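Okay, structure first, notes after.
The values are calculated or read from the model by the stated rules, or taken from the named source; none is laboratory data. Note that this is a predicted model, so its numbers are computed, not measured. Because the Cβ atoms are built from the backbone with ideal geometry, glycine has one as well, and the counts that use them run over all protein chains shown.
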Amino acid sequence: MKITFRQIMVLLTTLLTITVNGLANALPINGMNTGEISDSFETYFVPAGYVFSIWGVIYIGLIAFAIYQALPAQRENPRLVRIGWWVVFSNLANAAWIFLWHYQIFGWTLVLMLTLLTTLLFTYEGLRQDNDNASRAEFWLASVPFSIYLGWISVATIANASDVLYYYGWGQFGISAEIWMVLILAMVAALAWAMSLRKNDIAYLAVFLWALFGIGVKFPQNGIVTTSIWIAFGLIALAFVWAIIPRIRKA
């Protein structure tokens, strides 16, 4: 049985995304790597450099998914059919974002980041439908990778928005950068708890913990900012535990 055009496009655009992201730092595109550009913004919602290694996990997950969904046996899988083109669009948005970021067209980077976030939300929700009928392979090769990916892009969208607002000289309604960071952290903690209560998604919440730990390490002695980071980390850790409880009860 032949694979469909949709399956081929998922595979090709996944390879495109990974290639573009790799070249962004290997060349690097426009003479700067992705992290150097991020570090040029004086905002608090930016984790330590090592935190970005999560992209390695995301890439492995995307490759595993692309290969899995391309198998002839998965051609008519309704859950994979449902999300196929959303994955294609997310891959294209990801690759386009890299070029805009490296050529410092920052206003449009936020548009592309929101597009990526939206496509991943549709992908995530598509996979959550009939979740109980998913095979173990589908859980590990589709559901988990996109939970991690969505978690990271949720964090990245907030960071991207902070960078763009800083770039355009936004005054934060006269609120200090420290207090604004506290408000952002409150929003992040609320989002984590919403996902814990609605989805019990451990992988998604683990990404938030990873990101906030990296931010806390980057600002270890910064008064209210540091305190707020670790309070938010603790609240998300509780949400993580809350999400685990139903799994323990089922065991």
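With respect to the conditions (1) touching a residue at least 12 places away in the same chain (Cβ under 8 Å); (2) surrounded by fewer than 18 Cβ atoms within 10 Å (Cβ to Cβ); (3) outside any helix (DSSP H, G or I), GLU76 falls short on a single one, namely (1).
Scanning the range 53-67 finds no residues that are surrounded by 21 or more Cβ atoms within 10 Å (Cβ to Cβ), in contact with a Leu (Cβ under 8 Å, 6 or more places away or on another chain), part of a helix (DSSP H, G or I) and among the β-branched types (Val, Ile, Thr). Within the range 185-198, restricting attention to residues that are surrounded by fewer than 16 Cβ atoms within 10 Å (Cβ to Cβ) and in contact (Cβ under 8 Å) with a residue 24 or more places away in the chain, the residue that is farthest from TYR50 (Cα to Cα) is LEU197.
Of the residues making up the range 112-128, one or more are assigned to a helix (DSSP H, G or I), in contact (Cβ under 8 Å) with a residue 24 or more places away in the chain, closer than 22 Å to VAL51 by Cβ and of a type in the set (Phe, Trp, Tyr).
Under the condition of being surrounded by fewer than 23 Cβ atoms within 10 Å (Cβ to Cβ) and either under 15 Å from the mean Cα position of the chain (by Cα) or among the small types (Gly, Ala, Ser) (or both), the residues counted in the range 126-149 number 7.
Listed here are the residues, each with its yes/no results for (1) at pLDDT below 90; (2) crowded, with 16+ Cβ neighbours inside 10 Å; (3) closer than 23 Å to PRO145 by Cβ.
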{"residue": "PHE5", "(1), (2), (3)": "no, no, yes"}
{"residue": "MET9", "(1), (2), (3)": "no, yes, yes"}
{"residue": "GLY22", "(1), (2), (3)": "no, no, yes"}
{"residue": "GLU36", "(1), (2), (3)": "yes, no, no"}
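Of the residues TRP97, TRP86, the single one that is part of a helix (DSSP H, G or I), under 16 Å from the mean Cα position of the chain (by Cα) and without any contact (Cβ under 8 Å) to a residue 40 or more places away in the chain is TRP97.
VAL182 satisfies every condition listed in (1) without any contact (Cβ under 8 Å) to a residue 60 or more places away in the chain; (2) assigned by TED's automatic domain parsing to the domain that holds LEU235; (3) crowded, with 16+ Cβ neighbours inside 10 Å; (4) within 18 Å of the chain's Cα centre (by Cα) except (4).
Only residues in the range 1-30 that are touching a residue at least 24 places away in the same chain (Cβ under 8 Å) count as the first member; pair them with residues that are among the β-branched types (Val, Ile, Thr) and surrounded by fewer than 15 Cβ atoms within 10 Å (Cβ to Cβ), Cβ under 8 angstrom, at least 6 apart or cross-chain, and list the lot. Taking only residues 6 or more apart or on different chains, the pairs are LEU11/ILE67. Summed over the range 216-227, residues that are touching a Pro at 6+ places or on another chain (Cβ under 7 Å) and closer than 22 Å to ALA239 by Cα total 1.
Within the range 110-154, track down each residue that is among the aliphatic types (A, V, I, L, M) and either touching a strand residue (DSSP E or B) at 6+ places or on another chain (Cβ under 7 Å) or within 12 Å of ASN94 (Cα to Cα) (or both).
LEU110, VAL111, LEU112, MET113, LEU114, LEU116, LEU117, LEU120, ILE153
Filtering PHE146, PHE173, PHE233, PHE213 for residues that are touching a Pro at 6+ places or on another chain (Cβ under 9 Å), of a type in the set (Phe, Trp, Tyr) and in a helix (DSSP H, G or I) leaves a single hit, PHE213. Which numbered condition in (1) buried (at least 16 other Cβ atoms within 10 Å of the Cβ); (2) under 30 Å from TRP180 (Cβ atoms); (3) under 17 Å from the mean Cα position of the chain (by Cα) is the only one that PHE106 fails? Tallying (1) buried (at least 16 other Cβ atoms within 10 Å of the Cβ); (2) under 30 Å from TRP180 (Cβ atoms); (3) under 17 Å from the mean Cα position of the chain (by Cα), PHE106 fails exactly one: (3).
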